[in-house]
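Take a look at the structure below.
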Amino acid sequence: MKKTHAYVDNWKQAYQDNTGLLLFGDVGTGKSFFAGCIANALLDRDIPVLMTNFPSILNRLTGMFSEDRADFIASLGMYDLLIIDDLGVERNTEYAMEQMFHVIDCRYRSRKPMIITTNLKLDEIKNPPDLAHARIYDRILERCAPILFDGKNFREENAETTKAAAKGLYPKNETGNRQIGVFPRRHRRGIRERSI
């Protein structure tokens, strides 16, 4: 959180120097949360921020004419900060790689910062599998300072808390087990009583 506050507190300098962040590490270690905290803090200061991911961008681009595609990609440059969440989850089709390159390159040329989150290892980004990835990753590494997230998977801990809370919602039956999925007969339609 200190790094979050430091980035926000020094935003003017980060913006001027085009300093972005590459947040990498295992699933559930807080990368998206960290990026979202920065986005919210900057939005509170009326700084234009967009947080999205490549699957969403690719969905928007699908079916657009080439002019509209170019306009949409150019519109991403209007934001002072662009956050791209979960780099590496998109399909590696030729079309997807081409559009990813256009987005990253447009941002790179705009000289405005971006924050990228990914589950990829830094070594994978530094040693891409092919030229298409190399063109994208090279631009990211030039403009984004890498920060490793290596903590525990907080989603697993949250799942245990949710499971425990859910158990308290259901009454126990005569055998001492909690019942879920118990509805009046007319609503059951194949739902059977199960125990947690």
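The values are calculated or read from the model by the stated rules, or taken from the named source; none is laboratory data. Since we're looking at a predicted model, the values are computed, not measured. Cβ sites come from the backbone with ideal geometry, for glycine too, and all protein chains shown count toward neighbours. To get the accessible areas, we keep the full protein, side chains included, count just its heavy atoms, and leave off ligands, DNA and RNA. Shrake-Rupley method; radii C 1.70, N 1.55, O 1.52, S 1.80 Å.
Asp68 fails exactly one of the following numbered conditions: (1) within 22 Å of the chain's Cα centre (by Cα); (2) part of a helix (DSSP H, G or I). What is the number of that condition?
(1)
Name the residue that is nearest to the chain's Cα centre (by Cα), counting only residues in the stretch 71-93 that are among the charged types (D, E, K, R) and closer than 19 Å to Glu124 by Cα.
Asp85
Based on what the data block shows, is Thr118 in contact with a Gly (Cβ under 7 Å, 6 or more places away or on another chain), at negative phi and of a type in the set (Val, Ile, Thr)?
Yes, satisfied.
Which one of Leu61, Leu122 is under 18 Å from the mean Cα position of the chain (by Cα) and either more than 19 Å from Pro146 (Cβ to Cβ) or open to solvent by less than 80 Å² (accessible area, probe 1.4 Å) (or both)?
Leu122
Residue under question is Leu148, and the condition is that it be hydrophobic (A, V, I, L, M, F, W, C) and in contact (Cβ under 8 Å) with a residue 60 or more places away in the chain; does it hold?
Spelling it out, Leu148 is indeed hydrophobic (A, V, I, L, M, F, W, C) and in contact (Cβ under 8 Å) with a residue 60 or more places away in the chain.
Is there any pair linking a residue in the stretch 21-33 that is surrounded by fewer than 19 Cβ atoms within 10 Å (Cβ to Cβ) to one that is not in a loop (DSSP other than H, G, I, E, B), with Cβ under 8 Å and at least six apart or on different chains, and which?
Asp26/Phe149; Val27/Arg155; Ser32/Asp85; Ser32/Asp86; Ser32/Thr117
Identify the residue in the stretch 64-101 that is free of Cβ contacts under 8 Å to residues at least 40 places away in the same chain and in contact with a Lys or Arg (Cβ under 8 Å, 6 or more places away or on another chain) and, among all such residues, is nearest to Pro146 (Cα to Cα).
Ranking the qualifying residues of the stretch 64-101, first place goes to Leu82.
For the stretch 106-119, how many residues meet the condition of being open to solvent by 20 Å² or more (accessible area, probe 1.4 Å) and either touching a His at 6+ places or on another chain (Cβ under 6 Å) or assigned to a helix (DSSP H, G or I) (or both)?
4
Just for the stretch 76-94: of the residues that are exposed (fewer than 12 other Cβ atoms within 10 Å of the Cβ) and part of a helix (DSSP H, G or I), which one is modelled with the lowest pLDDT?
Across the stretch 76-94, the extreme among qualifying residues is Glu94.
Give the residues of the stretch 19-38 that are at pLDDT 95 or above and more than 12 Å from the chain's Cα centre (by Cα), sorted by residue number.
Listed by number, the residues that qualify are Thr19, Gly20, Leu21, Cys37, Ile38.
One residue is enough: does the stretch 162-181 have a residue meeting the conditions open to solvent by less than 100 Å² (accessible area, probe 1.4 Å), in a loop (DSSP other than H, G, I, E, B), modelled with pLDDT under 70 and on the phi > 0 side of the Ramachandran plot?
Looking for residues that are open to solvent by less than 100 Å² (accessible area, probe 1.4 Å), in a loop (DSSP other than H, G, I, E, B), modelled with pLDDT under 70 and on the phi > 0 side of the Ramachandran plot, one finds at least one in the stretch 162-181, hence yes.
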